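Read through the structure below, which is laid out as structure tokens, and then see the notes.
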Amino acid sequence: MRIGVIVGSHRTESESAKVGRFLSEVLSATDGVSTWTLDLGKTPLPLWDEALWSNGPHWSMMPELKSELDTCDGFVVISPEWHGMVPAALKNFFLLWAATGELSHKPALPCAISAGEGGAYVISELRISSYKNNRLCWLPEQLIARQVKAICNDDTALNDAALHDTFATRSRYALDLLLAYAKALTSVRDSGLIDHDTFMNGM
């Protein structure tokens with residue numbers, strides 16, 4: 001099983017990426033699970049435009065990116081909360097994929113990042129506005145990495161032990177559920193019931 005980790009921060013060295021590395025390590029320590037990471041801070045994508053449909057030269061990365069997404073059975077989507085919102089790079093990412101299979105009918109665990117006690121707005125926004133045409137299936141569970149500077153640090157001396165352990169325990173629970181959903185939704189995708197040619201849009 002392969003899980004894609006999508007890091008939605010624009011920053012090249014972000015707290016979101018740090019949490020992504022931690023979650024990827026937890027997943028990779030699970031038998032039979034591998035991970036792939038797309039960090040939008042390190043690998044920014046062009047803003048959506050019509051040239052996407054005609055293979056414009058600035059979209060030359062799309063076949064490789066599509067191939068990577070196609071091989072994923074589920075996703076962890078990590079977003080910082082900027083001004084109470086999901087960053088533009090992550091919203092743009094969702095615009096690039098329609099009902100063509102890359103994300104469709106695959107489970108995703110939303111994970112919000114907050115330097116303080118925020119994060120809830122990001123979870124709400126992701127659930128409301130990011131899945132209609134690409135058919136990504138958000139889990140009914142979520143993670144919020146609050147006080148993020150005190151958890152998931154490579155230098156464990158920088159961690160608040162209680163905060164880190166609480167997040168690690170919740171992460172293991174949520175990731176185990178993600179893996180269970182990924183296994184279950186494989187049978188949905190293989191069922192022959194999905195007809196995106198007739199029903200391209202989500203409404």
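Here are a few things to note about the model shown:
- All of Gly20, Gly41 fail the test of being under 29 Å from Asn153 (Cα atoms), touching a strand residue (DSSP E or B) at 6+ places or on another chain (Cβ under 9 Å) and assigned to a loop (DSSP other than H, G, I, E, B), apart from Gly41.
- When Val33 is tested against (1) under 25 Å from His83 (Cβ atoms); (2) touching a helix residue (DSSP H, G or I) at 6+ places or on another chain (Cβ under 7 Å), only condition (1) is not met.
- Subset of segment 79-107 [outside any helix (DSSP H, G or I), in contact (Cβ under 8 Å) with a residue 40 or more places away in the chain and touching a Gly at 6+ places or on another chain (Cβ under 9 Å)]: Ser79, Pro80, Glu81, Val86, Pro87, Ala99, Lys106, Pro107
- Hey, Thr198 β-branched (Val, Ile, Thr) and either surrounded by 16 or more Cβ atoms within 10 Å (Cβ to Cβ) or in a helix (DSSP H, G or I) (or both) or not: no
- The condition of being free of Cβ contacts under 8 Å to residues at least 60 places away in the same chain and surrounded by 17 or more Cβ atoms within 10 Å (Cβ to Cβ) holds for only one of Leu40, Leu27, Leu69, that being Leu40.
- Applying the condition of being among the polar types (S, T, N, Q) and not in a helix (DSSP H, G or I) to segment 146-162 and asking which residue is farthest from the chain's Cα centre (by Cα) yields Asn159.
- Of the residues making up segment 44-54, those that are part of a loop (DSSP other than H, G, I, E, B) and either crowded, with 17+ Cβ neighbours inside 10 Å or touching a helix residue (DSSP H, G or I) at 6+ places or on another chain (Cβ under 8 Å) (or both) are Pro44, Leu45, Pro46, Leu47, Trp48.
- If you go through segment 122-137 and keep only what is out of contact with any Asp or Glu (no Cβ under 6 Å at 6 or more places or on another chain), part of a helix (DSSP H, G or I) and not polar (S, T, N, Q), you end up with Ile123, Glu125, Leu126, Arg127, Ile128.
- Residues that are hydrophobic (A, V, I, L, M, F, W, C), out of contact with any helix residue (DSSP H, G or I) (no Cβ under 6 Å at 6 or more places or on another chain) and crowded, with 21+ Cβ neighbours inside 10 Å were ranked within segment 73-88; the one that is nearest to Val188 (Cα to Cα) is Phe75.
- Residue in segment 160-180 that is crowded, with 18+ Cβ neighbours inside 10 Å, among the polar types (S, T, N, Q) and in contact with a Phe, Trp or Tyr (Cβ under 8 Å, 6 or more places away or on another chain) present: yes
- Filtered residues of segment 89-141 (kept if of a type in the set (Asp, Glu) and either over 14 Å from the mean Cα position of the chain (by Cα) or farther than 30 Å from Asp190 by Cβ (or both)): Glu117, Glu125
No lab work stands behind these numbers, since they all come straight from the coordinates. Since the structure is predicted, the reported quantities are computational estimates derived from the model, not experimental observations. Ideal geometry is used to build each Cβ from the backbone, glycine not excepted, and the neighbour counts take in all protein chains shown.
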